[in-house]
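Chemist: My structure is below; once you've seen it, I'll send some questions.
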Amino acid sequence: MRKYIIAGNWKMNGTKESVRTLLEGIKKGAVEINHPNVEWIVFPPYVFLDATEKTLGDSGVAWGAQNLSREKSGAFTGEISASMLQEFHCRYVLVGHSERRTLYGENDDLVAAKFMVACQAGLIPVLCVGETLAEREKGLTQAVVMRQLNAVIRLAGGVELFNQAVVAYEPVWAIGTGLNATPEQAQEVHAAIRKEFSQHDAVLADKLQILYGGSLKSDSAQAILAMPDIDGGLIGGASLKAEEFLNIGKSCNR
Ligand code: 13P
């Protein structure tokens with residue numbers, strides 16, 4: 001059975017003080033909830049990774065970064081490399097979040113290159129895919145998602161690397177808007193993603209964790225997380241309060 005992942009993408013939020021409180025709250029709550037089938041992850045801004053590592057340690061809550069550079073080192077002002085993330089014992093890294101794609105011009109090729117760099121460094125990439133509202137309205141949802149996935153599969157020369165990767169379906173129109181996809185809308189895309197992988201490798205497809213993201217809150221989580229192909233959530237706004245984030249994890253019922 002696939003485990004759930006409940007992951008908080010804090011985006012560009014937090015202060016030293018608020019991050020300390022949030023980390024302590026999540027660490028304590030995750031131990032208390034002690035859900036055997038939930039993996040907890042937080043994705044703080046880079047500057048808080050040190051505090052995150054020190055606070056979470058071996059608590060069982062994992063952490064990762066929101067982005068990484070495709071380059072190893074050198075004159076790339078403002079960039080952060082995979083080896084730097086390794087030094088802070090990040091286990092995961094987000095790749096191709098829609099805000100990176102739309103606000104910072106990351107195209108499918110760059111996202112695929114970053115995915116490869118993450119894998120080569122032993123980091124687990126969480127590959128984010130999803131359509132815009134205009135694309136959904138034109139009936140292009142699955143075409144867009146498959147294009148985004150296939151750019152990575154092509155560069156990776158197959159799906160093998162997805163044995164150590166996670167996929168997150170985040171419809172762009174649902175992110176930060178309060179409009180989450182219905183459980184059925186999300187399930188439809190998740191099932192299509194799994195089917196795409198099963199055409200390459202049925203065993204891998206069956207164990208691949210596919211997360212949903214987009215305005216997930218504790219009151220909407222239960223119905224979404226009950227869907228058979230939804231294996232957890234990538235949560236933005238609602239991950240900034242420990243109690244709300246933990247409550248989403250509590251609604252995992254497989
Ligand atoms: P919200 O939960 O704030 O909609 O953000 C979702 C997201 O982008 C997580 O990566």
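Chemist: Listed residues Gly237, Gly249, Gly233, Gly213; which is of a type in the set (Gly, Ala, Ser) and away from the ligand (no atom under 14 Å from the Cβ)?
Modeler: None of the others qualify; the one that does is Gly249.
Chemist: Can I ask one more? For the stretch 231-254, what are the residues that are more than 17 Å from the chain's Cα centre (by Cα), in contact (Cβ under 8 Å) with a residue 40 or more places away in the chain and not in a loop (DSSP other than H, G, I, E, B)?
Modeler: Ala242, Glu243, Lys250
Chemist: Checking Ala221 against (1) within 16 Å of the ligand (Cβ to nearest atom); (2) in contact with a Gly (Cβ under 7 Å, 6 or more places away or on another chain); (3) under 27 Å from Leu123 (Cα atoms), which single condition isn't satisfied?
Modeler: (3)
Chemist: How many residues does the stretch 217-230 hold that are closer than 23 Å to Tyr92 by Cα, in a loop (DSSP other than H, G, I, E, B) and out of contact with any Leu (no Cβ under 8 Å at 6 or more places or on another chain)?
Modeler: Number satisfying all stated conditions: 2.
Chemist: In addition: Quick check on Asp201: is it over 20 Å from Asn9 (Cβ atoms) and not small (Gly, Ala, Ser)?
Modeler: yes
Chemist: Search the stretch 200-210 for residues being buried (at least 16 other Cβ atoms within 10 Å of the Cβ) and closer than 20 Å to Leu234 by Cα, and hand back the single one that is farthest from the ligand (Cβ to nearest atom).
Modeler: Ala205
Chemist: Take the residues in the stretch 154-180 that are assigned to a helix (DSSP H, G or I) and under 19 Å from Asp231 (Cβ atoms), then tell me which one is nearest to the ligand (Cβ to nearest atom).
Modeler: If we take residues in the stretch 154-180 being assigned to a helix (DSSP H, G or I) and under 19 Å from Asp231 (Cβ atoms), then Ala174 is nearest to the ligand (Cβ to nearest atom).
Chemist: Let me ask something else. Within the group Gly157, Gly176, which residue is of a type outside the set (D, E, K, R) and either more than 23 Å from Gln120 (Cα to Cα) or in contact (Cβ under 8 Å) with a residue 60 or more places away in the chain (or both)?
Modeler: Exactly one residue qualifies, and that residue is Gly176.
Chemist: Hey, another quick one. Filter the stretch 64-79 down to residues that are closer than 14 Å to Glu106 by Cα and β-branched (Val, Ile, Thr), then give me how many there are.
Modeler: 0
Chemist: Would you check which residues across the stretch 175-199 are basic (Lys, Arg) and surrounded by fewer than 17 Cβ atoms within 10 Å (Cβ to Cβ) and list them?
Modeler: Lys195
Each value in this text was obtained by applying a stated rule to the coordinates, not by laboratory testing. Keep in mind it's a predicted model, so treat the numbers as computed, not measured. Reconstructed Cβ throughout: ideal geometry from the backbone, glycine too, with neighbour counts over all protein chains shown.
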